[in-house]
Every structure is written in structure tokens, then in C-alpha cells.
Amino acid sequence: MNLEHELMVKMSREMAQEIDFAVLSDLLVKYSGWVKIELDTLENNNNAIDMSEWLDINCKHKVSRLGRRFVFESSAEAEWFILRWL
């Protein structure tokens with residue numbers, strides 16, 4: 001496999017993951033009452049790690065994330081996330 005082909009495969013997987021997350025998160029919000037939060041930017045990689053740790057410690061309900069987009073099953077946990085990270 002050449003480098004160009006490997007890059008195309010990687011990019012197509014990332015695009016598929018982005019599309020899948022967008023569709024599924026929109027369905028969760030529309031039909032199950034989940035809360036969607038999208039950050040303008042992540043300050044740095046350490047910030048992203050801190051957010052992941054915070055989610056693991058503080059969220060008892062389901063949370064799904066991809067990059068700077070999050071969906072929370074619990075509106076209260078989404079509100080705590082907003083207070084902490086926005």
C-alpha cells in the first residue's frame with residue numbers, strides 16, 4: 001500500500017466517524033432529550049485530557065464526545081460541564 005492510499009483510507013475513516021457522530025448525536029438530542037454542547041475550540045491537548053478526566057469523575061450518566069462536540073444524557077451534568085469548561 002502506498003502512502004497516498006493509506007492517507008485516503010485514514011481520511012475516509014475519520015470522515016465516516018464524524019458523520020456517524022453527527023447523525024447519532026442529533027437523533028439522541030431530538031428523540032431522547034440528550035443535550036448537545038459544542039466548544040468553539042480546545043485550548044490544547046492537556047485541556048482535552050483534563051476534560052476527559054473531569055467527565056469520567058463527574059458524570060454518572062452516559063456522555064459521548066468527538067473532538068470538541070459532546071452529548072450528555074443528563075441535562076444537569078451538561079450544565080455542570082458548561083459551568084466548568086465554558
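The values are calculated or read from the model by the stated rules, or taken from the named source; none is laboratory data. Here the structure is a predicted model, which means the values were calculated and not measured. Backbone-built Cβ (ideal geometry, glycine too); neighbour counts: all protein chains shown.
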Apart from one, (1) under 14 Å from the mean Cα position of the chain (by Cα); (2) exposed (fewer than 12 other Cβ atoms within 10 Å of the Cβ) all hold for Val29; the odd one out is (2)
Looking at (1) surrounded by fewer than 16 Cβ atoms within 10 Å (Cβ to Cβ); (2) within 12 Å of the chain's Cα centre (by Cα), which is the one condition that is false for Phe72?
-> (1)
Which fully enclosed helices (runs of 4 or more DSSP H) of the chain have 1 or more residues being modelled with pLDDT under 95 and out of contact with any helix residue (DSSP H, G or I) (no Cβ under 7 Å at 6 or more places or on another chain)?
-> 3-32, 45-58
Checking Val23 against (1) among the β-branched types (Val, Ile, Thr); (2) within 23 Å of Ile82 (Cβ to Cβ); (3) loosely packed, with under 11 Cβ neighbours inside 10 Å, which single condition isn't satisfied?
-> (2)
